[in-house]
Amino acid sequence: VLATTTASVGNVLADTQVRSLALATRNVLDFASITAGVVGNNFGGTRMSQVNTTRDGLPTGDGRYLDWNGAYSATFTSPDLVEEVQVSVNTVDAAVGRGVGQVRMQTRSGTNNVHGALFYTNNNWALNTQGWFQNLVGAEKSYRNRNQFGGRLGGPIIPNKASFFFLYDGQRFPRK
């Protein structure tokens with residue numbers, strides 16, 4: 001479990017919140033936008049390029065090629081993979097590394113009981129709305145469908161000694 005008491009300004013989202021909060025893209029990094037001190041691409045007054053993202057303590061951002069993009073250069077992370085998310089907006093503790101802001105994720109693991117879940121989401125262009133300016137000029141809706149599906153399963157191999165965790169997350173973007 002990540003630290004829940006710190007001098008940092010931010011938010012800790014536990015397993016139940018990560019699973020139950022709605023995400024349009026099923027990307028855990030979208031949780032950063034609901035944290036106190038985050039407005040759009042502004043992390044407590046700093047740029048996104050100064051935000052460090054880690055999963056299980058290892059950096060997930062592409063600092064070599066996309067260092068200007070900060071948290072948005074991080075690897076897509078499914079909410080079914082993550083046990084806990086901690087977003088720190090400023091005053092990052094020295095123990096957790098570099099950057100002004102932090103997005104820290106802790107992944108799930110297997111347990112002594114078998115647990116699993118299936119999911120399916122669809123973003124359908126026929127149900128989406130147009131923006132105000134698109135309506136003003138009478139533009140047609142652009143065809144955009146996104147199907148995301150998969151499942152996770154975890155359980156014991158040898159009770160109290162070894163366990164497994166499996167996740168499949170598929171995405172399809174059908175074209176017209």
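The values are calculated or read from the model by the stated rules, or taken from the named source; none is laboratory data. Please read all numbers here as calculations on a predicted model, not as lab measurements. Note: ideal-geometry Cβ built from the backbone for every residue, glycine included; neighbour counts use all protein chains shown. These accessible areas exclude ligands, DNA and RNA; they are computed on the full protein's heavy atoms, side chains included. Shrake-Rupley method; radii C 1.70, N 1.55, O 1.52, S 1.80 Å.
What to note about this one:
- Within the stretch 151-164, being touching a residue at least 24 places away in the same chain (Cβ under 8 Å) and open to solvent by 60 Å² or more (accessible area, probe 1.4 Å) holds for Leu153, Ile157, Pro159, Asn160, Phe164.
- Leu167 vs. criteria modelled with pLDDT of 80 or more, open to solvent by 60 Å² or more (accessible area, probe 1.4 Å) and in a strand (DSSP E or B): no
- Of all residues making up the stretch 123-150, the number that are more than 11 Å from Arg172 (Cα to Cα) and either in a helix (DSSP H, G or I) or open to solvent by less than 50 Å² (accessible area, probe 1.4 Å) (or both): 14
- For Asn145, the criteria (1) closer than 29 Å to Ser20 by Cβ; (2) more than 24 Å from the chain's Cα centre (by Cα) hold in every case but one, which is (2).
- Of note, Gly155 does not satisfy the criterion of being assigned to a strand (DSSP E or B) and within 20 Å of Asn123 (Cα to Cα).
- When the criteria are applied in full, Phe173 fails the requirement of being out of contact with any Ser or Thr (no Cβ under 7 Å at 6 or more places or on another chain) and surrounded by 11 or more Cβ atoms within 10 Å (Cβ to Cβ).
- Close pairs from the stretch 110-133: first closer than 27 Å to Lys176 by Cα, partner of a type in the set (Gly, Ala, Ser) and open to solvent by 50 Å² or more (accessible area, probe 1.4 Å), Cβ under 8 Å, at least 6 apart: Asn123/Ala24; Trp125/Ser142
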